[in-house]
1. For region 1006-1030, which residues satisfy the criterion of being closer than 19 Å to F1069 by Cα and either assigned to a helix (DSSP H, G or I) or at pLDDT below 80 (or both)?
2. Working carefully through the options F1024, F1069, F1038, find the one that is touching a Cys at 6+ places or on another chain (Cβ under 8 Å) and surrounded by 11 or more Cβ atoms within 10 Å (Cβ to Cβ).
3. Report whether or not E751 is of a type in the set (D, E) and touching an Asp or Glu at 6+ places or on another chain (Cβ under 9 Å).
4. Looking only at residues in region 540-557 that are of a type in the set (S, T, N, Q) and surrounded by fewer than 16 Cβ atoms within 10 Å (Cβ to Cβ), which one is farthest from N512 (Cα to Cα)?
5. Any residue in region 699-710 that is in contact with a helix residue (DSSP H, G or I) (Cβ under 6 Å, 6 or more places away or on another chain), part of a helix (DSSP H, G or I), of a type outside the set (A, V, I, L, M, F, W, C) and farther than 27 Å from L805 by Cα?
6. Could you figure out which of (1) at pLDDT below 80; (2) open to solvent by 40 Å² or more (accessible area, probe 1.4 Å); (3) within 20 Å of K197 (Cα to Cα) isn't true of K167?
7. Which of the numbered conditions does R304 fail, given that it passes all the others? Conditions: (1) at pLDDT 75 or above; (2) open to solvent by 50 Å² or more (accessible area, probe 1.4 Å).
8. Return the only residue of E99, E176 being among the acidic types (D, E), without any contact (Cβ under 8 Å) to a residue 24 or more places away in the chain and open to solvent by 50 Å² or more (accessible area, probe 1.4 Å).
Amino acid sequence: MMSQMEGGCPVDYNTITDLFLQRNLIREATAFLLDVLKPNLPEHSFLQTKVLEINLVTFPNVADAILANGMFSHYDRPRIAQLCEKAGLYVRALQHYTELPDIKRVIVNTHAIEPQSLVEFFGTLSREWALECMKDLLLVNLRGNLQIIVQVAKEYCEQLGVDACIKIFEQFKSYEGLYFFLGSYLSSSEDPEIHFKYIEAAAKTGQIKEVERVTRESNFYDPEKTKNFLMEAKLPDARPLINVCDRFGFVPDLTHYLYSNNMLRYIEGYVQKVNPGNAPLVVGQLLDDECPEDFIKGLILSVRSLLPVEPLVEECEKRNRLRLLTQFLEHLVSEGSQDVHVHNALGKIIIDSNNNPEHFLTTNPYYDSRVVGKYCEKRDPTLAVVAYRRGQCDEELINVTNKNSLFKLQARYVVERMDADLWEKVLNPENVYRRQLIDQVVSTALPESKSPEQVSAAVKAFMTADLPHELIELLEKIVLQNSAFSGNFNLQNLLILTAIKADPSRVMDYINRLDNFDGPAVGEVAVEAQLYEEAFAIFKKFNLNVQAVNVLLDNIQNIERAVEFAFRVEEDAVWSQVAKAQLREGLVSDAIESFIRADDMTQFLDVIRAAEDANVYHDLVRYLLMVRQKAKEPKVDSELIYAYAKIDRLSEIEEFILMPNVANLQNVGDRLYDEALYEAAKIIFAFISNWAKLASTLVKLRQFQGAVDAARKANSSKTWKEVCFACVDAEEFRLAQMCGLNIIIQVDDLEEVSEYYQNRGCFNELISLMESGLGLERAHMGIFTELGVLYARYRPEKLMEHIKLFSTRLNIPKLIRACDEQQHWMELTYLYIQYDEFDNAATTIMNHSPEAWDHMQFKDVAVKVANVELYYKAVHFYLQEHPDLINDLLNVLALRVDHTRVVDIMRKAGHLHLVKPYMIAVQSNNVAAVNEALNGIYVEEEDYERLRESIDLHDNFDQIGLAQKIEKHELLEMRRVAAYIYKKAGRWKQSIALSKKDNLYKDAMETASQSGDRELAEELLVYFIEKGKKECFASCLFVCYDLIRPDIALELAWMNKMIDFAFPYLLQFIREYTGKVDELVKDKIEAQNEVKAKEKEEKDVIAQQNMYAQLLPLALPAPPMPGMGSAPGMGGFAPPPPMGGMGMPPMPPFGMPPMSSF
């Protein structure tokens, strides 16, 4: 194969292809081209187009396979798209077209396009194009293309937009398409409008079951809007509307709609199967719509027990149609219903019908007495009393009896209730009906009563109401005269209690006459009523000796009678009460004696407290020894040791603590220490090895050496501090330092020790302590810092050396505060630098320069500050104090300062010349203020060379202002610089005028040439003629050669007899124009030759196209030839130039004649 030849095929591929085609070998030509075009190179674009064209005309299926394999990517896509469309390969045509009209023309051929391919093609289009194509498809064939459009909308709804898809369907009123599209999107959407449109589309397409499902399951549609739509739609099936109204509370609207449209079957179905709980609302609406009662009754009975009774009764009662429910309620009662609302409604019906209501009110246990009683008040007050009595509705019964003067019924009810709150209410003085009630109670209610409890409650109520006269007469009548109640325990109690309250003079008589009463309780009441003798008589009568002696002690307050009574009864409990009373009265010794007689140790805490207050520790020791025999109490043993200490019996203390005991020795020792009994405390602390407290005790005893030894054993910071401070106060500085070294190693205690020393003026001793602490193994930063603070306060000469030696071990912020307070500015600056607070360091140096300023140090600090304002403060500082070094400082700060601001500062200070070196150094930044300042200085110094150099190199300044300033300068070079500035600024006329004024004709000519203004150049020529400057005239013609028109130059020269001076210009002009004409002639000849060659080439191409077109229709498919498979490696020749048609291009010059010569 030629495609496999080494070095490539010596013949052009296009020529070989044409050979195949001339012999009608289409398949072989295709196989050959597929083989050689495998690399898919850009230079083979023409051949790729050709192979596709050949097959699209003859074998479209082969072309489709080639395109499907994606072998080529450089062919002419628009051309192939057109051929695909003609060949019926619409999918390929769509893939190749890039213009919307072409796509819209092809895409409507849906009958010949596979739907899935078309759907996939829509995925490649932009949103706007896809929507346009969808509209065209629906416009051409709505019914036939609807399924494809629905599929496209489902597939690409996110890219196209759901709203846009809906809009298309609505535009063509295709509710079926809208239904299928939204059906796939509904489950993932929460948009109420989407759900409503789906319901609308389903309803209009007759999908009633789907409407019912969505209205039942969806939570996102607008219920009001959906309800209105369904009512307007008047669907034959009302279940969707039922779902909406039931879920969102439109039951009355639903009922009215169903009844108005004679859909009673659905009303029954809703109430019976869907939601019986809303039946009351249905019934209420039916009553409003004047529905027949038989239908309503049947509807209610069909639901029966599932129906909520309370709202149903409420709906019927509002409309005065309660009798409608009689059959329904009786049915519920017969089934055993105990619902209070059922019985309330039934009771109201019975009361209205007057069908033996008393029997119902007294026997029915289920109705609500308040509800039914309220219903009866205006109909029959006695029935209301019956209802309220049954439910014990006190407030309501009192109100109705007062209102209707039924006081006898009220009195009987109050007595029977036996309720203190009710009695209080009716016996309230503000009750205007109290007198009538009391008369009925005394005359009727109580005489009729046979219950002692009722009588007792009434008596208590009278006592509470403070009605003593009526109460006493009543009680005497009941208790003393009525034999049925004379021996009653409660009534005897009440009689005595009433006498205690109303008539105390008769109490003692009742105590002697009555025996069956509650002695302890009545005695307590007598005590509360301050009838102490009567109370003592009651307790004595009932052998309650403890209570009796308590009355003597607490109320009568006669200890002598109590002691006499105790001797008479000889009871331990009585002696114990006497002892307590004596203890309260401060008779401590007598109380201790009584406690010993009572053998009572229960009050040992009070006895200990009282003995300590009275300082009777000898008696207390006797009592505690007695108590200790009965109980092992830590408090007792502890107090015994304390009592021994108080009476200075130290030997007994040593013996006691050596014996078994349960004393809390630690607390005892602390107490002895607090009360300054240091010798006794010393014994206790030494025994329990409490070295810390022992050290404190020895300090109090001024035994400092022993205290130090005890502190060493305790090894506690608090103990060390206590001993140390005590030694400082006693001026035992050696011992204090021993203690201090154990304290200062603790960071938290260091400052306290330092303050203690300083407050007592022991500065040298404190410094010595701190210096000794530097060598400790546990020396920390706080020691070094505190020593630095002490040096700052008391030894400033050592401060700097200390800082430099231990700068890494110092708490620099703390030492900074100390140096600031003591005004050690040099040291403060050094600390700020060490702490990287360069702003503060610079501020300190400037504020305290006599002590803190050093030029080299300040320069190092200045470049590191963060606050930009300090740079300018430093400039002011150097300007005032060190102006000779200001340039050095500014050079260091050059990269950080605003040069404009620095120049303003120096200009305001009037020392701009002082910073000239600095400005020269920073002029490279091309800052306007710096440039103007330096230019001003150069003008003052008349240094025109430096001024011109500055203008050339740095253009950021007010050029016009500077030129105006120096254009009248007395120095020529300065005026020349002004003209130069005008030239740079583009003010050509001013520059030329200034140059002419100073006879600087060369500068004027250069300026005119650079301006590019023909008028200025010609005006300058006229000026030279007027001045008679012939040489300048000739020079100007050459300098401004490009600007001056030849006719003007010759005219001026001829008229002013300067033709000789213009002749060189004329020669140059003629030579230039001759060269231009020659170039034009040459270009024209070449163009004509190109046109002829192009026409000849086009004729050859047309001839070959016509030959190929004549051969192609007559060609028949040839059988495949063996060995014509693809062969790799063919290539290496440049492709022929692309052609617009199907003909063969001319052969390249390989030595073969063209095809037309055969």
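The values are calculated or read from the model by the stated rules, or taken from the named source; none is laboratory data. All of these numbers come straight from a predicted model, not from anything done at the bench. No Cβ is skipped: glycine too gets one built from the backbone with ideal geometry, and neighbour counts run over all protein chains shown. Calculation scope for accessible area: heavy atoms of the full protein, side chains included, ligands and nucleic acids excluded. Shrake-Rupley method; radii C 1.70, N 1.55, O 1.52, S 1.80 Å.
1. Within region 1006-1030, S1009, R1014, A1017, E1018, L1021 qualify.
2. Only one candidate passes the filter, namely F1024.
3. Answer is yes for this residue.
4. The residue in question is Q557.
5. yes
6. (1)
7. (1)
8. Only one candidate qualifies: E99.
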